[in-house]
1. For a quick check of your reading: which helices (runs of 4 or more DSSP H) sit entirely within region 66-177 and have at least 1 residues that are modelled with pLDDT of 85 or more and either more than 32 Å from the chain's Cα centre (by Cα) or surrounded by fewer than 15 Cβ atoms within 10 Å (Cβ to Cβ) (or both)?
2. From the set of residues in region 17-41 that are exposed (fewer than 13 other Cβ atoms within 10 Å of the Cβ) and of a type in the set (Phe, Trp, Tyr), which is modelled with the lowest pLDDT?
3. What are the pairs with Cβ atoms under 6 angstrom where one residue, in region 169-188, is among the polar types (S, T, N, Q) and the other, located anywhere, is in a helix (DSSP H, G or I)? Sequence gap at least six, or different chains.
4. Among (1) surrounded by fewer than 20 Cβ atoms within 10 Å (Cβ to Cβ); (2) under 28 Å from the mean Cα position of the chain (by Cα), there is one condition residue 61 misses while meeting the rest; what is its number?
5. Does region 42-55 contain any residue that is small (Gly, Ala, Ser), assigned to a helix (DSSP H, G or I) and either buried (at least 20 other Cβ atoms within 10 Å of the Cβ) or at positive phi (or both)?
6. Residues in region 145-168 that are free of Cβ contacts under 8 Å to residues at least 40 places away in the same chain and out of contact with any Gly (no Cβ under 6 Å at 6 or more places or on another chain): how many?
Amino acid sequence: MESILQLVTENSIVEFLICCMGVVSLALIFERVKALYFDYTIKSEQFYLQIKSLILDDKIDDAITFCSTNKKALLAHVTKSILERSDRDENSINQGLDISLSEIIPLLGKRLGYLSMIANVVTLMGLLGTITGLIMAFAAVADADPTQKSELLAKGISMAMNTTALGLTVAIPVMIIYSFLHTKQNALLENIAEQSSKVIDLITNRQYHEFSKKHNFPKAPNELDQAS
(Lines give C-alpha, C1' and ligand atoms only; values in the text may rest on other atoms or scores of the structure.)
Protein backbone atom coordinates (compact mmCIF):
# COMPACT_ATOMS: atom_id res chain seq x y z
CA MET A 1 0.00 0.00 0.00
CA GLU A 2 2.91 2.36 0.66
CA SER A 3 4.01 1.91 -2.94
CA ILE A 4 0.52 2.76 -4.20
CA LEU A 5 0.54 5.93 -2.05
CA GLN A 6 3.96 6.76 -3.44
CA LEU A 7 2.59 6.23 -6.96
CA VAL A 8 -0.17 8.73 -6.31
CA THR A 9 2.32 11.21 -4.86
CA GLU A 10 4.78 10.85 -7.73
CA ASN A 11 2.09 11.21 -10.40
CA SER A 12 0.65 14.23 -8.62
CA ILE A 13 4.03 15.94 -8.88
CA VAL A 14 4.28 15.20 -12.60
CA GLU A 15 0.71 16.34 -13.19
CA PHE A 16 1.36 19.50 -11.18
CA LEU A 17 4.41 20.29 -13.32
CA ILE A 18 2.44 19.69 -16.52
CA CYS A 19 -0.30 22.03 -15.30
CA CYS A 20 2.29 24.69 -14.45
CA MET A 21 3.76 24.46 -17.93
CA GLY A 22 0.24 24.71 -19.33
CA VAL A 23 -0.29 27.98 -17.46
CA VAL A 24 3.05 29.30 -18.73
CA SER A 25 2.11 28.38 -22.30
CA LEU A 26 -1.20 30.25 -21.93
CA ALA A 27 0.67 33.38 -20.84
CA LEU A 28 3.07 33.07 -23.76
CA ILE A 29 0.22 32.51 -26.23
CA PHE A 30 -1.64 35.58 -24.96
CA GLU A 31 1.47 37.75 -25.24
CA ARG A 32 2.36 36.51 -28.74
CA VAL A 33 -1.19 36.82 -30.07
CA LYS A 34 -1.38 40.39 -28.75
CA ALA A 35 1.96 41.26 -30.34
CA LEU A 36 1.64 39.54 -33.72
CA TYR A 37 -2.05 40.16 -34.37
CA PHE A 38 -2.50 43.60 -32.80
CA ASP A 39 0.62 45.53 -31.71
CA TYR A 40 2.94 44.73 -34.63
CA THR A 41 0.24 44.71 -37.32
CA ILE A 42 -1.00 47.62 -39.39
CA LYS A 43 -3.23 47.90 -42.46
CA SER A 44 -0.29 47.78 -44.84
CA GLU A 45 -2.05 48.84 -48.04
CA GLN A 46 -3.60 51.93 -46.46
CA PHE A 47 -0.31 52.74 -44.75
CA TYR A 48 1.61 52.45 -48.02
CA LEU A 49 -0.86 54.64 -49.91
CA GLN A 50 -0.52 57.36 -47.26
CA ILE A 51 3.29 57.17 -47.34
CA LYS A 52 3.24 57.17 -51.15
CA SER A 53 1.10 60.31 -51.23
CA LEU A 54 3.45 62.13 -48.84
CA ILE A 55 6.58 61.05 -50.73
CA LEU A 56 5.19 62.15 -54.09
CA ASP A 57 4.28 65.51 -52.53
CA ASP A 58 7.88 65.73 -51.25
CA LYS A 59 6.69 65.78 -47.64
CA ILE A 60 9.31 63.45 -46.20
CA ASP A 61 9.17 65.04 -42.74
CA ASP A 62 5.41 64.52 -42.61
CA ALA A 63 5.90 60.89 -43.68
CA ILE A 64 8.40 60.35 -40.88
CA THR A 65 5.98 61.92 -38.39
CA PHE A 66 3.20 59.67 -39.68
CA CYS A 67 5.42 56.62 -39.07
CA SER A 68 6.21 57.85 -35.56
CA THR A 69 2.51 57.94 -34.68
CA ASN A 70 2.38 54.19 -35.44
CA LYS A 71 5.57 53.35 -33.57
CA LYS A 72 4.37 49.90 -32.39
CA ALA A 73 3.77 48.70 -35.94
CA LEU A 74 6.93 47.10 -37.29
CA LEU A 75 6.23 48.22 -40.86
CA ALA A 76 6.12 51.82 -39.66
CA HIS A 77 9.43 51.33 -37.85
CA VAL A 78 11.13 49.97 -40.97
CA THR A 79 9.62 52.64 -43.21
CA LYS A 80 10.77 55.37 -40.85
CA SER A 81 14.35 54.07 -41.03
CA ILE A 82 14.16 54.20 -44.83
CA LEU A 83 12.69 57.71 -44.91
CA GLU A 84 15.35 59.04 -42.56
CA ARG A 85 17.94 58.08 -45.19
CA SER A 86 15.93 59.36 -48.16
CA ASP A 87 18.46 62.14 -48.83
CA ARG A 88 21.28 59.62 -49.28
CA ASP A 89 22.27 57.29 -52.10
CA GLU A 90 20.48 54.02 -52.83
CA ASN A 91 23.10 51.87 -51.08
CA SER A 92 22.65 53.82 -47.84
CA ILE A 93 18.88 53.48 -48.09
CA ASN A 94 19.15 49.71 -48.59
CA GLN A 95 21.56 49.53 -45.68
CA GLY A 96 18.97 51.26 -43.51
CA LEU A 97 16.44 48.63 -44.58
CA ASP A 98 18.82 45.81 -43.64
CA ILE A 99 19.51 47.35 -40.23
CA SER A 100 15.84 47.87 -39.42
CA LEU A 101 14.95 44.32 -40.54
CA SER A 102 17.66 42.93 -38.28
CA GLU A 103 16.05 44.86 -35.42
CA ILE A 104 12.52 43.56 -35.95
CA ILE A 105 13.25 39.89 -36.72
CA PRO A 106 14.09 39.10 -33.05
CA LEU A 107 10.87 40.85 -31.99
CA LEU A 108 8.77 38.69 -34.33
CA GLY A 109 10.24 35.45 -33.01
CA LYS A 110 10.56 36.54 -29.37
CA ARG A 111 9.60 33.73 -26.95
CA LEU A 112 7.83 31.86 -29.76
CA GLY A 113 10.26 28.94 -29.56
CA TYR A 114 9.28 28.31 -25.95
CA LEU A 115 5.84 27.13 -27.07
CA SER A 116 7.34 24.39 -29.23
CA MET A 117 9.62 23.40 -26.35
CA ILE A 118 6.71 23.22 -23.88
CA ALA A 119 4.66 21.05 -26.26
CA ASN A 120 7.53 18.58 -26.55
CA VAL A 121 8.45 18.62 -22.86
CA VAL A 122 4.93 18.06 -21.49
CA THR A 123 4.51 15.10 -23.85
CA LEU A 124 7.72 13.56 -22.54
CA MET A 125 6.75 14.36 -18.95
CA GLY A 126 3.43 12.58 -19.45
CA LEU A 127 5.24 9.55 -20.84
CA LEU A 128 7.72 9.61 -17.97
CA GLY A 129 4.89 9.76 -15.45
CA THR A 130 3.18 6.81 -17.12
CA ILE A 131 6.29 4.65 -17.19
CA THR A 132 7.21 5.50 -13.61
CA GLY A 133 3.65 4.84 -12.46
CA LEU A 134 3.50 1.47 -14.20
CA ILE A 135 6.79 0.38 -12.68
CA MET A 136 5.63 1.33 -9.21
CA ALA A 137 2.17 -0.21 -9.77
CA PHE A 138 3.59 -3.59 -10.80
CA ALA A 139 6.03 -3.46 -7.89
CA ALA A 140 3.13 -2.82 -5.49
CA VAL A 141 1.07 -5.67 -6.97
CA ALA A 142 3.95 -8.10 -6.58
CA ASP A 143 3.77 -7.81 -2.79
CA ALA A 144 -0.02 -7.41 -2.50
CA ASP A 145 -2.62 -9.94 -1.41
CA PRO A 146 -3.63 -12.17 -4.40
CA THR A 147 -7.28 -11.17 -4.02
CA GLN A 148 -6.39 -7.48 -4.38
CA LYS A 149 -3.83 -7.71 -7.20
CA SER A 150 -6.21 -7.09 -10.10
CA GLU A 151 -7.85 -4.14 -8.35
CA LEU A 152 -4.54 -2.54 -7.40
CA LEU A 153 -3.12 -3.11 -10.87
CA ALA A 154 -6.14 -1.50 -12.53
CA LYS A 155 -5.97 1.54 -10.24
CA GLY A 156 -2.22 1.87 -10.75
CA ILE A 157 -2.46 1.71 -14.54
CA SER A 158 -5.35 4.19 -14.53
CA MET A 159 -3.36 6.65 -12.45
CA ALA A 160 -0.29 6.19 -14.63
CA MET A 161 -2.16 6.78 -17.89
CA ASN A 162 -3.63 10.01 -16.56
CA THR A 163 -0.26 11.73 -16.88
CA THR A 164 0.04 10.88 -20.57
CA ALA A 165 -3.53 12.08 -21.20
CA LEU A 166 -2.83 15.33 -19.34
CA GLY A 167 0.43 15.87 -21.19
CA LEU A 168 -1.24 15.40 -24.57
CA THR A 169 -4.12 17.65 -23.53
CA VAL A 170 -1.62 20.46 -23.01
CA ALA A 171 0.75 19.62 -25.88
CA ILE A 172 -1.72 19.31 -28.77
CA PRO A 173 -3.38 22.77 -28.47
CA VAL A 174 -0.03 24.43 -27.78
CA MET A 175 1.52 22.89 -30.90
CA ILE A 176 -1.46 23.89 -33.06
CA ILE A 177 -1.38 27.49 -31.79
CA TYR A 178 2.38 27.58 -32.25
CA SER A 179 1.93 26.65 -35.92
CA PHE A 180 -0.54 29.51 -36.44
CA LEU A 181 1.72 32.01 -34.67
CA HIS A 182 4.76 30.88 -36.66
CA THR A 183 2.82 31.30 -39.90
CA LYS A 184 1.69 34.77 -38.83
CA GLN A 185 5.28 35.68 -38.00
CA ASN A 186 6.48 34.72 -41.49
CA ALA A 187 3.56 36.52 -43.14
CA LEU A 188 4.33 39.72 -41.25
CA LEU A 189 7.99 39.60 -42.22
CA GLU A 190 7.18 39.00 -45.89
CA ASN A 191 4.66 41.85 -45.91
CA ILE A 192 7.13 44.23 -44.27
CA ALA A 193 9.82 43.33 -46.82
CA GLU A 194 7.37 43.82 -49.71
CA GLN A 195 6.00 47.19 -48.57
CA SER A 196 9.40 48.57 -47.59
CA SER A 197 10.77 47.63 -51.02
CA LYS A 198 7.95 49.65 -52.60
CA VAL A 199 8.87 52.63 -50.43
CA ILE A 200 12.52 52.39 -51.49
CA ASP A 201 11.43 52.25 -55.13
CA LEU A 202 9.34 55.40 -54.64
CA ILE A 203 12.23 57.29 -53.05
CA THR A 204 14.82 56.29 -55.63
CA ASN A 205 12.50 57.07 -58.56
CA ARG A 206 11.65 60.41 -57.00
CA GLN A 207 15.34 61.29 -57.05
CA TYR A 208 15.85 60.09 -60.63
CA HIS A 209 15.35 62.50 -63.54
CA GLU A 210 15.12 61.03 -67.01
CA PHE A 211 17.47 62.51 -69.63
CA SER A 212 15.70 64.87 -72.03
CA LYS A 213 16.70 67.75 -74.24
CA LYS A 214 14.14 69.98 -72.59
CA HIS A 215 15.60 69.58 -69.07
CA ASN A 216 19.29 69.29 -69.94
CA PHE A 217 19.46 71.82 -72.80
CA PRO A 218 17.08 74.67 -71.97
CA LYS A 219 16.47 77.29 -74.62
CA ALA A 220 18.71 80.31 -74.74
CA PRO A 221 17.18 83.71 -73.94
CA ASN A 222 17.19 84.75 -77.64
CA GLU A 223 15.40 81.55 -78.62
CA LEU A 224 12.78 82.21 -75.96
CA ASP A 225 12.18 85.69 -77.40
CA GLN A 226 11.86 84.34 -80.91
CA ALA A 227 9.48 81.62 -79.75
CA SER A 228 7.28 84.23 -78.11
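1. On the way: elements: 74-83, 90-108, 112-142.
Output list reads 90-108, 112-142.
2. If we take residues in region 17-41 being exposed (fewer than 13 other Cβ atoms within 10 Å of the Cβ) and of a type in the set (Phe, Trp, Tyr), then 38 is modelled with the lowest pLDDT.
3. Once the first residue is among the polar types (S, T, N, Q) and sits in region 169-188, its partners that are in a helix (DSSP H, G or I) give 185/108.
4. Here residue 61 clears every test but (2).
5. So far as region 42-55 goes, no, none of its residues is small (Gly, Ala, Ser), assigned to a helix (DSSP H, G or I) and either buried (at least 20 other Cβ atoms within 10 Å of the Cβ) or at positive phi (or both).
6. 13
The values are calculated or read from the model by the stated rules, or taken from the named source; none is laboratory data. Quantities reported herein were computed from a predicted structural model and do not represent experimental measurements. In this analysis, Cβ positions are derived from the backbone assuming ideal geometry, glycine residues included, and neighbour counts consider all displayed protein chains.
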